[in-house]
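Student: Here's a structure for you.
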Amino acid sequence: MPDFKEVSLDPATTTDAVLLSNLLELYIHDLSEAFPSVELGVDGRFGYPKLPLYWSEHDRRFAFLIKCNARVAGFVFATRGSPVTEDPDTFDVAEFFVIRQYRHCGVGRQAAHLLWGRLPGKWTVRVSRGNPSALDFWRRTIAHVTNGTVSEFERPGMPNAWLVFAFEIIPRCAVRA
């Protein structure tokens with residue numbers, strides 16, 4: 001097993017669009033187990049029509065590559081504005097994907113912590129009840145960073161309800177000497 005100490009969260013640019021498009025295919029394939037309504041296109045791809053918005057809506061959408069020891073390990077898409085709150089400044093984890101070989105070893109948790117350190121403020125994370133491993137991951141990861149100060153509520157969804165985690169990340173203040 002490789003040494004997973006060096007995890008980074010690098011802002012993605014338009015030059016990363018093809019890479020992200022390819023990673024999104026793996027991600028959506030994984031999600032299709034929990035979301036049977038996700039269908040493969042006639043071209044053999046799932047597609048992700050919102051990807052170009054991450055380059056055109058710089059103040060609302062944030063795309064990052066997760067890297068482990070300088071190798072691509074996944075991605076994170078975050079938005080300013082969440083579909084589960086009226087506050088336009090609440091951040092939302094829109095998509096979060098870690099390649100299977102980097103799962104269950106702390107890479108995802110470190111990436112989430114890096115994301116929240118980069119974009120402090122109010123956050124929501126929405127997880128389908130049909131994705132129990134993701135529920136476990138997010139519950140543990142959020143509890144770790146918030147010391148348990150998190151609200152959970154359920155929203156209707158198809159084919160499963162959504163569990164929503166709401167919490168706030170306070171910016172770290174500089175230590176004065």
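Student: Here's a check for you: in segment 136-177, which residue that is closer than 17 Å to residue 104 by Cα and surrounded by 17 or more Cβ atoms within 10 Å (Cβ to Cβ) is nearest to the chain's Cα centre (by Cα)?
Tutor: Looking at the filtered set, the residue picked out is 138.
Results for (1) outside any helix (DSSP H, G or I); (2) out of contact with any strand residue (DSSP E or B) (no Cβ under 7 Å at 6 or more places or on another chain), shown as yes or no for each residue.
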| site | (1), (2) |
| --- | --- |
| 79 | yes, no |
| 111 | no, no |
| 116 | no, no |
| 130 | yes, yes |
| 140 | no, yes |
| 166 | yes, no |
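Student: Continuing with this model, one more query. Identify all residues within segment 142-167 that are under 16 Å from residue 114 (Cα atoms) and at pLDDT below 95; write none if there are none. Let's see the steps before the verdict.
Tutor: The initial filter retains those residues of segment 142-167 that are under 16 Å from residue 114 (Cα atoms), namely 142-146, 167.
Within segment 142-167, 143, 144, 145, 146 meet the criteria.
Student: In segment 100-126, what residues are among the hydrophobic types (A, V, I, L, M, F, W, C) and more than 15 Å from the chain's Cα centre (by Cα)?
Tutor: Restricting attention to segment 100-126, the residues satisfying the condition of being among the hydrophobic types (A, V, I, L, M, F, W, C) are 105, 107, 111-112, 114-116, 119, 123, 125.
The one that is among the hydrophobic types (A, V, I, L, M, F, W, C) and more than 15 Å from the chain's Cα centre (by Cα): 105.
Student: Within segment 22-64, take every residue that is modelled with pLDDT of 95 or more and touching a Pro at 6+ places or on another chain (Cβ under 8 Å) and give me the one that is farthest from residue 107 (Cα to Cα).
Tutor: Going through the qualifying residues, I end up with 62.
Student: Which pairs do you get when a residue that is without any contact (Cβ under 8 Å) to a residue 24 or more places away in the chain, found in segment 140-158, comes within reach of a residue that is buried (at least 16 other Cβ atoms within 10 Å of the Cβ) and assigned to a helix (DSSP H, G or I), reach meaning Cβ atoms under 7 angstrom, with the pair 6+ apart or on two chains?
Tutor: Once the first residue is without any contact (Cβ under 8 Å) to a residue 24 or more places away in the chain and sits in segment 140-158, its partners that are buried (at least 16 other Cβ atoms within 10 Å of the Cβ) and assigned to a helix (DSSP H, G or I) give 150/142.
Student: On to the next question. For segment 88-104, state whether one or more residues are touching a residue at least 40 places away in the same chain (Cβ under 8 Å), surrounded by 14 or more Cβ atoms within 10 Å (Cβ to Cβ), more than 26 Å from residue 13 (Cβ to Cβ) and not polar (S, T, N, Q).
Tutor: Scanning segment 88-104 turns up no residue that is touching a residue at least 40 places away in the same chain (Cβ under 8 Å), surrounded by 14 or more Cβ atoms within 10 Å (Cβ to Cβ), more than 26 Å from residue 13 (Cβ to Cβ) and not polar (S, T, N, Q).
Student: Hey, can you tell me all the residues within segment 81-99 that are outside any loop (DSSP other than H, G, I, E, B) and either aromatic (Phe, Trp, Tyr) or at pLDDT below 95 (or both)?
Tutor: Applying the first criterion (outside any loop (DSSP other than H, G, I, E, B)) to segment 81-99 yields 91-98.
91, 96, 97, listed by residue number.
Student: While we're on this one: List pairs: first residue in segment 108-124 and within 20 Å of residue 27 (Cα to Cα), second residue part of a helix (DSSP H, G or I) and hydroxyl-bearing (Ser, Thr, Tyr) anywhere in the structure, Cβ distance under 6 angstrom, at least six positions apart or on different chains.
Tutor: 109/141; 112/141
Student: So residue 42 fits all but one of (1) farther than 20 Å from residue 145 by Cβ; (2) part of a helix (DSSP H, G or I); (3) among the hydrophobic types (A, V, I, L, M, F, W, C); what number is the exception?
Tutor: The single condition residue 42 does not satisfy is (2).
Student: Mind listing just one residue for me: the one in segment 22-58 that is among the β-branched types (Val, Ile, Thr) and within 24 Å of residue 161 (Cα to Cα) and, of those, surrounded by the fewest Cβ atoms within 10 Å (Cβ to Cβ)? Can you show your working first?
Tutor: Applying the first criterion (among the β-branched types (Val, Ile, Thr)) to segment 22-58 yields 28, 38, 42.
Okay, now just the ones that are also within 24 Å of residue 161 (Cα to Cα), so 28, 38.
Numbers: 28: 18, 38: 12.
Within segment 22-58, the match that is surrounded by the fewest Cβ atoms within 10 Å (Cβ to Cβ) is 38.
Student: Could you check residue 124 against (1) in a helix (DSSP H, G or I); (2) of a type outside the set (Lys, Arg); (3) modelled with pLDDT of 95 or more and say which number it fails?
Tutor: Evaluating residue 124 over (1) in a helix (DSSP H, G or I); (2) of a type outside the set (Lys, Arg); (3) modelled with pLDDT of 95 or more leaves (1) as the failure.
The values are calculated or read from the model by the stated rules, or taken from the named source; none is laboratory data. Remember, it's a predicted structure, so these values are computed and weren't measured experimentally. Quick reminder, even Gly has a Cβ in these numbers, built from the backbone with ideal geometry, and neighbours come from all protein chains shown.
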